Amino acid sequence: MKRILAFAVKIAALCALCFCASSCGKKTIACAAEKRGVDFGFAVSVTDLLNANTQKLLTGQAKILVAENCMKSSQLRPNKTFWNWSDPENLVKFANQNKIVAKWHTLFWHEMNPPFINSLKTKEEAEQMMDEHITTVMQKFKGRIRDYDVVNEMFNEDGSLRDTVWLRTLGPGYLERAIRKAHEVDPAAHLFLNEYNNEAKGYAKADAMYNLVKDFVERGVPIYGVGMQLHLAADLPYDEEAIRQNIRRYADLGIKICFSEVDVRIPLSRLEELEPKQKEIWKSLMTLAVEEPNVESFIVWGVSDKNSWIPAWKPGYGNALLFDKNFKPKPIYFELAQIAARR
Ligand code: G3I
């Protein structure tokens with residue numbers, strides 16, 4: 001009798017497993033990570049979203065999508081009188097239809113601004129422009145976009161604030177002002193500050209970001225999370241423990257983390273030598289994401305090596321993403337899916 005019972009329990013467990021796998025579709029990173037509380041997805045370009053094959057891939061592989069470029073100010077509003085809504089709308093509609101979280105990147109940045117923003121001079125002009133930008137975008141997408149990069153890349157490497165049109169016109173308070181206004185317009189939106197080289201505790205920029213956010217939390221500025229871009233390279237140092245410690249100090253503040261622009265580039269002249277290091281970095285990041293409860297999303301900066309920003313911006317480097325130039329998943333893809341599924 002006992003043996004029959006044990007057999008029945010095993011069959012039931014097997015059925016439960018099969019159901020889980022089939023209800024989630026294929027054994028993708030996105031499905032496995034979702035069960036661990038992490039939205040996995042990609043930055044997409046306008047052309048990605050026009051391609052039926054890429055669309056199909058994304059519906060199976062993504063739980064979160066962000067625009068690589070079309071939501072940046074110069075693309076969204078090239079001049080004062082024209083807002084190009086069609087590209088952001090396409091992305092958001094595609095995401096909403098497929099139950100994928102949509103993220104806005106980015107309300108404010110020092111790059112990709114149209115001339116009428118770069119030439120702002122007075123405090124009054126800048127306040128008016130900031131409020132208009134936040135209000136126009138966030139009212140339009142209320143209820144359809146969950147996450148916002150409110151400000152992108154506000155620090156220099158030494159931890160001082162970057163010289164931008166917003167800092168020059170509004171002073172250091174521009175960050176708090178932008179967050180407060182965004183919260184006023186859409187109180188349900190998850191508001192992030194996004195940065196690169198801010199992942200490792202002990203690095204000046206990472207510590208400056210932490211101190212800023214800690215001060216915001218203590219004073220009730222409604223920030224939700226911090227984006228760690230994680231544009232990493234296989235030939236540069238990587239310190240998992242320093243990243244873990246940083247994530248944890250944010251957890252102590254109640255702050256969520258988005259791995260917001262992940263890629264791991266490799267010098268093409270040292271492919272074979274550095275591939276193991278590259279894989280270690282990917283695996284470490286996925287482990288951190290699923291193990292640390294306040295990491296909520298893991299966004300890869302591009303779908304495939306075919307249209308990654310890396311070769312153009314970092315000459316000599318490439319092979320930075322999880323799908324190859326033919327949109328085939330690389331072996332590391334499956335290793336990450338396993339890590340995400342493992343408990
Ligand atoms: O759309 C214009 C087109 O009209 C014009 O003819 C053409 C001429 O150069 O430029 C096109 O814009 C380009 C844009 O990508 C869209 O393709 C810009 O030149 C080019 O500089 C821009 O590069 C993007 C870069 O940000 C600057 O905005 C990359 O694709 C994008 O991957 C990169 O993403 C950034 C994140 O936003 C922030 N963190 C770093 C990350 C990597 O640099």
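So THR54 ticks every box in (1) in contact with an Asp or Glu (Cβ under 8 Å, 6 or more places away or on another chain); (2) open to solvent by 10 Å² or more (accessible area, probe 1.4 Å) but one. Which box is left unticked?
That leaves (2) as the condition not met.
Take the residues in segment 295-319 that are more than 18 Å from the chain's Cα centre (by Cα) and within 12 Å of the ligand (Cβ to nearest atom), then tell me which one is most open to solvent (accessible area, probe 1.4 Å).
TRP313
Those residues that are open to solvent by less than 30 Å² (accessible area, probe 1.4 Å) and under 23 Å from LYS325 (Cβ atoms), I need them from segment 62-90; list them, please.
ALA62, LEU65, VAL66, ALA67, GLU68, CYS70
Please list, ordered by first then second residue, the pairs with beta carbon atoms under 6 Å, 6 or more apart or interchain, first in segment 179-196 and within 16 Å of the ligand (Cβ to nearest atom), second assigned to a helix (DSSP H, G or I).
Between residues of segment 179-196 that are within 16 Å of the ligand (Cβ to nearest atom) and residues that are assigned to a helix (DSSP H, G or I), the close pairs are GLU195/MET209.
Could you please give the count of residues in segment 165-194 that are under 25 Å from LYS123 (Cβ atoms) and in contact with a Lys or Arg (Cβ under 7 Å, 6 or more places away or on another chain)?
Total meeting the criteria: 3.
Does LYS279 meet the test of being at pLDDT 95 or above, within 24 Å of ASP39 (Cα to Cα), more than 16 Å from the ligand (Cβ to nearest atom) and crowded, with 17+ Cβ neighbours inside 10 Å?
Spelling it out, LYS279 is indeed at pLDDT 95 or above, within 24 Å of ASP39 (Cα to Cα), more than 16 Å from the ligand (Cβ to nearest atom) and crowded, with 17+ Cβ neighbours inside 10 Å.
So GLY227 passes all but one of these: (1) more than 27 Å from GLN139 (Cβ to Cβ); (2) within 16 Å of the ligand (Cβ to nearest atom). Which condition number does it fail?
(1)
Tell me which residues, restricted to segment 91-117, are within 14 Å of the ligand (Cβ to nearest atom) and either open to solvent by 30 Å² or more (accessible area, probe 1.4 Å) or basic (Lys, Arg) (or both).
LYS103, HIS110, GLU111, MET112
Exactly one condition in (1) at pLDDT 95 or above; (2) outside any helix (DSSP H, G or I) is not met by GLY25; state its number.
GLY25 satisfies every listed condition except (1).
It is to be established whether one or more residues within segment 128-140 are assigned to a loop (DSSP other than H, G, I, E, B) and open to solvent by 60 Å² or more (accessible area, probe 1.4 Å).
For segment 128-140, residues assigned to a loop (DSSP other than H, G, I, E, B) and open to solvent by 60 Å² or more (accessible area, probe 1.4 Å): absent.
The values are calculated or read from the model by the stated rules, or taken from the named source; none is laboratory data. Note that this is a predicted model, so its numbers are computed, not measured. For neighbour counting, all protein chains shown are included, and Cβ atoms are generated from backbone atoms with ideal geometry for every residue, glycine included. All accessible areas refer to the heavy atoms of the entire protein, side chains included, with ligands and DNA or RNA removed. Shrake-Rupley method; radii C 1.70, N 1.55, O 1.52, S 1.80 Å.
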